[in-house]
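Since the structure comes first, as structure tokens, the remarks are kept for the end.
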Amino acid sequence: MQSTHLPATTDSLAQALEAKDHADSISILYRVLENPSCSPEALRIKEQAISNLTDLLTQEKKAEDLKNLLTQLRPFFSVIPKAKTAKIVRGIIDAVVKIPGTSDLQISLCKEMVEWTRAEKRTFLRQRVEARLAALLMENKEYSEALTLLSGLIKEVRRLDDKLLLVDIDLLESKLHFSLRNLPKAKASLTAARTAANAIYVPPAQQGTIDLQSGILHAEEKDYKTAYSYFFEAFEAFNALEDPRAVFSLKYMLLCKIMVSQADDVAGIISSKAGLQYVGPDLDAMKAVADAHSKRSLNFFETALRDYKAQLEEDPIVHRHLASLYDTLLEQNLCRLIEPYSRVEIAHIAELIELPVDHVEKKLSQMILDKKFAGTLDQGAGCLIIFDDPKTDAIFPATLETIANTGKVVDSLYVRSARIMT
């Protein structure tokens, strides 16, 4: 970067655009920002230069330079309105987010900006940077620090009654509690977000985020029909905005169909006009799971999990529900295989179902304890002994009923005799 500054004019911006490569453009824009002029026109040109420089540094993946740019611009922030400062700061932080592998840098950048905004008493900007910092800490699985930060921030924002920011923070808190497996608190935070959202106009993207989180929480409670309707609302919102989260909403819609044993509907949803826009590995993965479920085939199910590991195993929402689906499929298959037998070797069942013997033995013992069927495991002989379903003998309930009626008669006679005596 050269030391001599350039005039803050449109000609300088044009010179940067016409430079032969990005390095020269970046150098020219830095020199424009060094210009000490504070006239309204010079400030407007510098704002445009910052925007262009941010775009170029993002394309060059220079995250460290973007962080340094924010520090360098602090004197400039003192001469422009606070609203414009907030816009520039959030724009540069968003630019760093687009560069992969910079999560630690993003956290340190947000912490620096929080300290600066606190020192400069820029409350509006600090609250938004703190909300972004909490989201980054949650993504980094630093849950306790994120929760501490959010709890203080929520109290402050509620006092100021900033509804739009409150919706964001409550929604973030709901996601955080869900990550910590605290479902009651996750639902309470989501309710708070909905209450705040009802009092103001909420942008479609934010409304879609609320619906997506609602669907996730309902699915966690096994209420898949309600979850499906929320995922559908989220999908419509994201689809209209061409938001990349639309494919996840659609994926979770298909998951709900599979979980309520309507796997046959999956192909129809994928081949619909809206579904065809998102055809790719995510939808192929759900189609493979739906086919395995329709055929009640564990083998196909495991093949789908292996072939689409990134889309199924590495998505925590899908993985949690597919684990439950796998257990259900395994139980159905085991019940079907042992049905003809009164005594059968566990090794034979394992061979038929193509799973390890110890895994099958463990599952059978669990099913016996859960009273899925009557039987016992003879581990010495390596056999499963299945009992006939015990028929309830009608004499026992009838006897209990007779004794109860006799007791009522005796009580009645005692009351009558007591009356006669008096």
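The values are calculated or read from the model by the stated rules, or taken from the named source; none is laboratory data. Only a predicted model underlies this, so the values are computations on that prediction, with no experimental measurement involved. Ideal geometry is used to build each Cβ from the backbone, glycine not excepted, and the neighbour counts take in all protein chains shown. Ligands, DNA and RNA are excluded from the accessible area calculation, which covers all protein heavy atoms including side chains. Shrake-Rupley method; radii C 1.70, N 1.55, O 1.52, S 1.80 Å.
Here VAL318 fits the description: touching a residue at least 40 places away in the same chain (Cβ under 8 Å) and in contact with a helix residue (DSSP H, G or I) (Cβ under 6 Å, 6 or more places away or on another chain).
Listed by position, the helices (runs of 4 or more DSSP H) contained in segment 65-180 that have at least 3 residues being hydrophobic (A, V, I, L, M, F, W, C) and open to solvent by 10 Å² or more (accessible area, probe 1.4 Å) are 82-97, 103-119, 123-139, 143-160, 163-179. The residues in segment 346-387 that are buried (at least 17 other Cβ atoms within 10 Å of the Cβ) and among the aromatic types (Phe, Trp, Tyr) can be counted, and the count is 1.
Pick from segment 101-144 the residues that are aromatic (Phe, Trp, Tyr) and over 21 Å from the mean Cα position of the chain (by Cα): which of them is farthest from LYS62 (Cα to Cα)? Going through the qualifying residues, I end up with PHE124.
Going by the structure shown, is ASP243 surrounded by 14 or more Cβ atoms within 10 Å (Cβ to Cβ), among the acidic types (Asp, Glu) and free of Cβ contacts under 8 Å to residues at least 24 places away in the same chain?
no
Reported count of residues in segment 187-215, each being of a type in the set (A, V, I, L, M, F, W, C), open to solvent by less than 20 Å² (accessible area, probe 1.4 Å) and within 17 Å of the chain's Cα centre (by Cα), is 3. The set of residues from segment 30-54 being closer than 16 Å to ARG90 by Cα and open to solvent by 80 Å² or more (accessible area, probe 1.4 Å) comprises just one member, GLN48. Is it true that THR422 is without any contact (Cβ under 8 Å) to a residue 24 or more places away in the chain and open to solvent by 80 Å² or more (accessible area, probe 1.4 Å)? In short, yes. Among the listed residues ASP284, ASP291, ASP265, ASP243, which satisfies the condition of being acidic (Asp, Glu) and under 13 Å from GLN311 (Cα atoms)? Answer to the check: ASP284. Of all residue pairs spaced 6 or more apart or on separate chains, those with beta-carbon atoms under 6 Å, a first member in segment 81-103 that is more than 18 Å from GLU139 (Cα to Cα) and a second member that is of a type in the set (A, V, I, L, M, F, W, C) are THR85/PHE77; ALA86/LEU125; ILE88/ILE50; ILE92/LEU66; ILE92/LEU70.
You will find that of LEU364, LEU400, LEU413, LEU337, the residue that is more than 32 Å from the chain's Cα centre (by Cα), modelled with pLDDT of 85 or more and under 30 Å from LYS257 (Cα atoms) is LEU364 and no other. Within the set PHE248, PHE232, the sole residue that is surrounded by 15 or more Cβ atoms within 10 Å (Cβ to Cβ), within 23 Å of GLN213 (Cβ to Cβ) and without any contact (Cβ under 8 Å) to a residue 24 or more places away in the chain turns out to be PHE232.
Specify the residue that is least open to solvent (accessible area, probe 1.4 Å); the eligible residues are those in segment 14-29 that are among the acidic types (Asp, Glu) and not in a helix (DSSP H, G or I).
From segment 14-29, those among the acidic types (Asp, Glu) are 18, 21, 24; that's our starting set.
Restricting the remaining residues to those that are not in a helix (DSSP H, G or I) gives 18, 21.
On the way: GLU18: 149, ASP21: 67 Å².
Only one residue fits best here, namely ASP21.
The single condition from (1) surrounded by 12 or more Cβ atoms within 10 Å (Cβ to Cβ); (2) hydrophobic (A, V, I, L, M, F, W, C); (3) within 31 Å of the chain's Cα centre (by Cα) that ALA310 fails is (1).
Taking every residue in segment 174-201 that is farther than 21 Å from LEU137 by Cβ and pairing it with any residue that is open to solvent by less than 10 Å² (accessible area, probe 1.4 Å), at least 6 positions away or on another chain, the pairs with Cβ-Cβ distances below 6 Å are LYS187/LEU217; ALA196/VAL167; ALA197/VAL167. The set of residues from segment 33-64 being charged (D, E, K, R), part of a loop (DSSP other than H, G, I, E, B) and more than 22 Å from SER108 (Cβ to Cβ) comprises just one member, GLU34. Pairing each residue of segment 269-290 that is closer than 11 Å to LEU254 by Cβ and open to solvent by 40 Å² or more (accessible area, probe 1.4 Å) with any residue that is in a helix (DSSP H, G or I) and small (Gly, Ala, Ser), provided the two are 6+ apart or on different chains, yields C-beta distances under 9 Å for TYR278/ALA246; LYS287/ALA267; LYS287/ALA304. Evaluated against (1) in contact (Cβ under 8 Å) with a residue 40 or more places away in the chain; (2) of a type in the set (A, V, I, L, M); (3) open to solvent by 10 Å² or more (accessible area, probe 1.4 Å), LEU255 falls short on exactly one condition, (3). Flag set for ARG343, criterion: modelled with pLDDT of 85 or more, over 30 Å from ALA290 (Cβ atoms), in contact with a strand residue (DSSP E or B) (Cβ under 8 Å, 6 or more places away or on another chain) and open to solvent by 50 Å² or more (accessible area, probe 1.4 Å).
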